[in-house]
1. Just want the ordering: 243, 1, 114, 204, from fewest to most Cβ atoms lying within 10 Å of their own Cβ.
2. Compute the acute angle (0 to 90°) between the alpha-carbon long axis of helix 139-156 and the principal axis of greatest extent of the alpha-carbon atoms of the chain; round to the nearest 10°.
3. Given 5 Å bins starting at zero, what is the percent of C-alpha pairs of region 1-106 in each, up to the one with the largest pair distance?
4. Work from the charge dipole of the chain (Cβ charges, +1 for Lys and Arg, -1 for Asp and Glu, about the Cα centre) and give the residue of 213, 181, 155 farthest towards its positive end.
5. Filter the GluC sites (Glu not before Pro) in region 1-54 down to the DSSP loop ones having no more than 14 other Cβ atoms within 10 Å, then list what survives.
6. Gaussian network model of the chain, Cα springs within a sub-10 Å range: biggest mean-square fluctuation belongs to which of 112, 102, 38?
7. Looking only at region 3-248, where both bridge partners belong to it, what percent of the DSSP beta bridges are antiparallel (to the nearest 5)?
8. Of 117, 99, 138, which has the largest mean-square fluctuation in a 10 Å C-alpha GNM of the chain?
Amino acid sequence: MAKALIIIPTYNESQNMKELIPVIFHQVARNEFDLEFHILVVDDNSADGTGQVIEALAHDFPVYLLKREKKLGLGTAYIAGFKWALERDYQYIYEMDADWSHDPVYLLSFIHKMQEDNASCVIGSRFYQWRVSVVNWDIKRLILSLVGHRYARFVLGQMDIYDTTSGFKCFRREAIEALALDNITSNGYIFQLEINYRLFRKKMRIAEIPIIFKDRVYGVSKLSAGVIYEGLWLPLRLKLLLMIHGNKF
Ligand SMILES: Nc1nc2c(ncn2[C@@H]2O[C@H](COP(=O)(O)OP(=O)(O)OP(=O)(O)O)[C@@H](O)[C@H]2O)c(=O)[nH]1
Ligand SMILES: [Mg+2]
């Protein structure tokens, strides 16, 4: 039986985790693809006891905890999760948020789309063709996201992706293997764009499915000025690296 791993980075998400983990397993149980699903939670020593919640859930579900000492950012949490997955025999590797913004109801659609399009990566997109499907987001976030997307496309050229910064994704193992994980340096939202761009440069097929994205209900938002600054700088840096090192960067 092939295995899929859902990586969920967490920082103070105990309430969300308690409720989300059982729902995820319920959603993917006995699926048509005959896939066995596991979850890896990458927790940055959350003060609200997220780690203990996961340890308790691990008695009932195939959920694993990767503990890090302090808050080190989303990008490095995913890199640690990807390496953990590659050391084991997972064929499909997901990225997913802890705060219910990413509805587990879509999980199997990613695999369906991946097989249908023979894609290496499938993105759950909040912006798809001319649709914008975000619920509860304030207008500032929406504008920031749309402008950021246009800006990245302008700098990097045609990548043909509607939602370049979505964090709800599924990769084939081979796509993660092809990434030089130690060369990835972005850590905020723009981490997603860096991964997409690297896959795109390697001519990997990236597909999208439209999703409805809901803003978080519990917990505190982690959007910061540093994240926005990184978003401005990264597309330029990627472009520069490409000019200097070609496809080897
Ligand atoms: N391990 C780890 N996880 C993080 C870190 N920052 C954010 N996360 C997690 O990454 C996921 C996405 O972060 P969010 O804070 O939801 O980001 P967002 O959806 O853009 O913003 P809000 O929902 O408004 O907070 C959530 O599961 C967070 O708990 C971090 O530094 N380390
Ligand atoms: Mg969120």
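1. Details: 243 9, 1 6, 114 21, 204 18.
So the ranking, lowest neighbour count to highest, is 1, 243, 204, 114.
2. For helix 139-156, the angle is close to 50 degrees.
3. Taking all Cα pairs of region 1-106, the binned fractions are 2, 13, 25, 26, 21, 9, 2, 1 percent.
4. Farthest towards the positive end: 155.
5. Details: sites: 13, 19, 32, 36; in loops: 13, 32.
Qualifying residues, ordered by number: 32.
6. Residue with maximal mean-square fluctuation among 112, 102, 38: 112.
7. Working: 9 of 33 bridges.
Antiparallel bridges: around 25 percent, rounded to the nearest 5.
8. Among 117, 99, 138, the largest mean-square fluctuation in the Gaussian network model of the chain belongs to 138.
Here, each number is a calculation from the coordinates, and none is a lab measurement. Bear in mind that the values here come from a model prediction, so they are computed numbers and not experimental data. Cβ coordinates were reconstructed from backbone atoms using ideal geometry, including for glycine residues, and neighbour counts include every protein chain displayed.
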